[in-house]
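The values are calculated or read from the model by the stated rules, or taken from the named source; none is laboratory data. The structure presented is a predicted model; accordingly, all values stated were derived computationally and were not measured. All Cβ positions, even for glycine, are placed from backbone atoms using ideal geometry, and neighbour counts span all protein chains on display.
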Amino acid sequence: MIEATKNPFSPVEMWDDTMVTVKEGEEKKRVDAKRYRIRYLVGESEDKRYVDGGSEDIAELSEKTLFLSPAVHRLAGDPFHYDHSRVESISGKTRISERTKELNRHPACEDHKTVEVIFESPGVECCAMSKEQADKMSVPLQYMAGYMLGKSEGMLKVALSKTVVDDDTEYYDNIHIIPESTIKQMSCLE
């Protein structure tokens with residue numbers, strides 16, 4: 001693995017309470033679960049609104065919003081990019097403080113539960129360009145953070161989200177299978 005340019009965007013794990021249907025034998029039942037996702041913080045805003053409360057005073061409401069992307073990519077010499085159509089937002093100071101956690105990168109660790117992988121990815125779709133520009137393009141580096149599922153047969157498996165049901169059973173989705181030969185760098189997130 002080579003040293004790649006450090007990703008300037010911070011990885012954030014966020015979660016929501018949800019209900020899922022699980023099958024036990026022949027029976028299906030709905031159970032409580034938590035859905036976890038790791039995304040990159042690509043922006044934040046502080047919105048202020050004023051509300052007429054029915055009295056002579058106008059009340060001020062302030063709300064923070066985080067904007068999060070599942071992956072970012074970079075070509076040599078270009079700035080980092082991300083697909084604007086895939087950006088998620090989470091709003092509300094309470095929701096942000098109670099349901100998000102900023103993750104720190106560690107270059108080496110023993111237990112790879114959450115990872116950031118930097119790899120060559122020809123499948124990045126975010127930027128419109130002319131035919132001539134597209135012809136000159138090379139394969140960009142993609143930066144992706146997620147849940148490590150394992151390595152086998154020269155492939156690394158990473159899921160961008162997981163759902164944990166009440167009995168601690170984990171289900172993964174949005175799984176990416178990355179050839180180890182394309183990986184430039186990998187670090188653990190805690």
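Summary table below
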quantity	calculated
Residues of the stretch 155-190 that turn out to be at pLDDT 95 or above and of a type in the set (Gly, Ala, Ser), as a count	2
So Asp78, is it exposed (fewer than 10 other Cβ atoms within 10 Å of the Cβ) and either of a type in the set (Asp, Glu) or assigned to a strand (DSSP E or B) (or both)	no
Candidate set from the stretch 8-28 (those that are part of a loop (DSSP other than H, G, I, E, B) and modelled with pLDDT of 90 or more); member that is nearest to Thr169 (Cα to Cα)	Phe9
Number of the exception - Thr163 against (1) assigned to a strand (DSSP E or B); (2) β-branched (Val, Ile, Thr); (3) more than 22 Å from Arg37 (Cβ to Cβ)	(3)
Inter-residue pairs, beta-carbon under 6 Å, first outside any strand (DSSP E or B) and in the stretch 34-60, second aliphatic (A, V, I, L, M), 6+ apart	Gly53/Ala59
Subset of the stretch 92-101 (residues that are outside any helix (DSSP H, G or I) and either exposed (fewer than 12 other Cβ atoms within 10 Å of the Cβ) or at pLDDT below 90 (or both))	Gly92
Flag for Lys113 being under 15 Å from the mean Cα position of the chain (by Cα), exposed (fewer than 13 other Cβ atoms within 10 Å of the Cβ) and either of a type outside the set (Phe, Trp, Tyr) or at pLDDT 90 or above (or both)	yes
Selection from the stretch 130-162 of residues that are touching a helix residue (DSSP H, G or I) at 6+ places or on another chain (Cβ under 9 Å) and surrounded by fewer than 19 Cβ atoms within 10 Å (Cβ to Cβ)	Val139, Lys151, Gly154, Met155
Pairs where the first residue, in the stretch 130-153, is within 27 Å of Tyr36 (Cα to Cα) and the second is basic (Lys, Arg) and loosely packed, with under 14 Cβ neighbours inside 10 Å, C-beta under 7 Å, 6+ apart	Tyr147/Lys113; Met148/Lys113
